[in-house]
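Take a look at the structure below.
The values are calculated or read from the model by the stated rules, or taken from the named source; none is laboratory data. Quick caveat, the model's predicted, so the values are computed rather than measured. So basically every Cβ, Gly included, is an ideal-geometry build from the backbone, and we count neighbours across all protein chains shown. Heavy atoms of the whole protein, side chains included, go into the accessibility calculation; ligands, DNA and RNA do not. Shrake-Rupley method; radii C 1.70, N 1.55, O 1.52, S 1.80 Å.
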Number of protein chains: 2
Amino acid sequence: MTDDNLIMTLAILGGTGSEGSGLAVRWAASGYRVIIGSRSAERAQAKADELNATFDAGNICGMGNVEAAARADLVVLTVPYAAHQETLEVVREGLQGKILVDVTVPLKPPKIRTVQLPDGQSAALEAQAFLGDTVRVVAAFQNISAEHLLNFDHPIECDVLVCGDSKEAKAEVLRLVEAAGMRGLDAGLLQNAIAVESLTPILLGLNSRYKGRGAGIRITGLDL
Amino acid sequence: MTDDNLIMTLAILGGTGSEGSGLAVRWAASGYRVIIGSRSAERAQAKADELNATFDAGNICGMGNVEAAARADLVVLTVPYAAHQETLEVVREGLQGKILVDVTVPLKPPKIRTVQLPDGQSAALEAQAFLGDTVRVVAAFQNISAEHLLNFDHPIECDVLVCGDSKEAKAEVLRLVEAAGMRGLDAGLLQNAIAVESLTPILLGLNSRYKGRGAGIRITGLDL
């Protein structure tokens, strides 16, 4: 991290996808500098240009994943599960000392509405195991529909469960959740990402069964 | 099942616990006959007497687990995970041809706020594997706090995710959810019980971290 207490530049790897783009415009609107990362720097820049134009922003730029990770204070991973491991491999060096927010859901098409745990039980746990202790992995945003993120016309009625083993890193991510317009809740250790990630196939099934377009969850019963 | 289309008598194994008792009084209030099952028939009857008196019901009785399972049209399992397998073994015969609603959460004390998947990945999946195809296992109610069930003064602000491989069995259980005063949602195959069961440790952690007493979930974003 360039400055331990001042996270200003966020990289969103896989940011050309709808979830990453949704987070990018939310954080850009809150004043963060946002780097869209992609395997192709050209596609990343094209998406950044599109988002800046559509959302009247100017603080989104695009780069290849490796450079994006290296330049950012904090890195967010929003790739399909099939690209999760290969992306971690190429950005590993640039992540050292930083927080990685893993948004990846281990969906295995075509059965995306049924829980299929990955070998490491969760994408975020696999990331932490691969990256080692010098990167603090926090799992978050897996249950938030991109449709809501990209639509500023209504409040987002979904809570973000934030899991991680570093309290300090979770606190940073909880601030980012709020900056993106949602309520974040400390959901315990990174091990609990198993529950959060595996809820997404259920939400996708509910969307299909009950004609929703962005099913999410609200936690009830807390004194908040 | 004594009559395939008319479920009137419910057995709640482990019904002397707070979750089972909460479900018992809810269903008794809706007109079902409810049998509290316990390892001890005496304790089961004592709890039934107490619930009948406290909630002005007359349709709750108590029996040993084996007899309770044999007499019921549908059986609900609300035992601690440590007693899950041994309970299934003794009631296996009585469950044949019936629906088993598994409410068990595979908590492993003392770390009850951290997801710890059981060998079969979920208690309900373990039950289905042990019981075989002649029993239809449905997973439900794992995220509902007993405090809410036992308190008729306020509506329960929690949804019940219902997982199972038999659509017909899920439809029966969705009716029971409604009878207990909650909204039930078809959450897909029994495999998805992994997500629902593993959400409970997170809810217990949220209760502790945010001073809640009965954290639960509401599904948002559906056209319902």
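Go through region A:178-187 and give me each residue that's touching a strand residue (DSSP E or B) at 6+ places or on another chain (Cβ under 6 Å) and either more than 7 Å from chain B (Cβ to nearest Cβ) or on the phi > 0 side of the Ramachandran plot (or both). Answer for region A:178-187, where residues must be touching a strand residue (DSSP E or B) at 6+ places or on another chain (Cβ under 6 Å) and either more than 7 Å from chain B (Cβ to nearest Cβ) or on the phi > 0 side of the Ramachandran plot (or both): A:M182, A:R183, A:G184. Filtering region B:138-157 to residues that are part of a loop (DSSP other than H, G, I, E, B), buried (at least 19 other Cβ atoms within 10 Å of the Cβ) and away from chain A (no Cβ under 14 Å) leaves only B:F141.
For region B:180-201, filtered to residues that are part of a loop (DSSP other than H, G, I, E, B) and open to solvent by 10 Å² or more (accessible area, probe 1.4 Å), the residue that is farthest from A:G188 (Cα to Cα) is B:G181. Counting only strands (runs of 3 or more DSSP E) that sit completely within region B:1-81, those holding 2 or more residues that are out of contact with any Leu (no Cβ under 6 Å at 6 or more places or on another chain) and open to solvent by less than 60 Å² (accessible area, probe 1.4 Å) correspond to B:9-13, B:33-38, B:60-64. Only one entry in A:V135, A:V160, A:V177, A:V173 is modelled with pLDDT of 95 or more, surrounded by 15 or more Cβ atoms within 10 Å (Cβ to Cβ) and farther than 15 Å from A:L23 by Cα, namely A:V135. Within region A:82-127, being within 14 Å of another protein chain (Cβ to nearest Cβ), among the hydrophobic types (A, V, I, L, M, F, W, C) and in a loop (DSSP other than H, G, I, E, B) holds for A:V105, A:L107, A:I112, A:V115, A:L117. Just one residue in the set B:S198, B:S166 is out of contact with any Phe, Trp or Tyr (no Cβ under 8 Å at 6 or more places or on another chain) and either of a type in the set (D, E) or at the interface with another protein chain (Cβ under 8 Å from one of its Cβ atoms) (or both); that residue is B:S198. Within region A:205-224, at least one residue is of a type outside the set (A, V, I, L, M) and either in contact with a Phe, Trp or Tyr (Cβ under 8 Å, 6 or more places away or on another chain) or under 18 Å from A:E126 (Cα atoms) (or both).
Filter region B:86-130 down to residues that are among the charged types (D, E, K, R) and open to solvent by less than 80 Å² (accessible area, probe 1.4 Å) and give me whichever is farthest from the chain's Cα centre (by Cα). Checking each candidate, the answer is B:K108. When you look at A:L204, is it under 26 Å from A:I112 (Cα atoms), of a type outside the set (G, A, S), more than 8 Å from chain B (Cβ to nearest Cβ) and assigned to a helix (DSSP H, G or I), yes or no? Spelling it out, A:L204 is indeed under 26 Å from A:I112 (Cα atoms), of a type outside the set (G, A, S), more than 8 Å from chain B (Cβ to nearest Cβ) and assigned to a helix (DSSP H, G or I). Among the residues of region A:207-224, those identified as open to solvent by 20 Å² or more (accessible area, probe 1.4 Å) and either at the interface with another protein chain (Cβ under 7 Å from one of its Cβ atoms) or assigned to a loop (DSSP other than H, G, I, E, B) (or both) are A:R209, A:Y210, A:K211, A:R213, A:R218, A:T220, A:G221, A:L222, A:D223, A:L224.
List pairs: first in region A:16-36 and within 15 Å of A:I144 (Cα to Cα), second among the polar types (S, T, N, Q) and surrounded by 24 or more Cβ atoms within 10 Å (Cβ to Cβ), Cβ under 8 Å, 6+ apart or cross-chain? Within 8 Å, the pairs are A:G17/A:T78; A:E19/A:T78; A:G20/A:T78; A:L23/A:T78.
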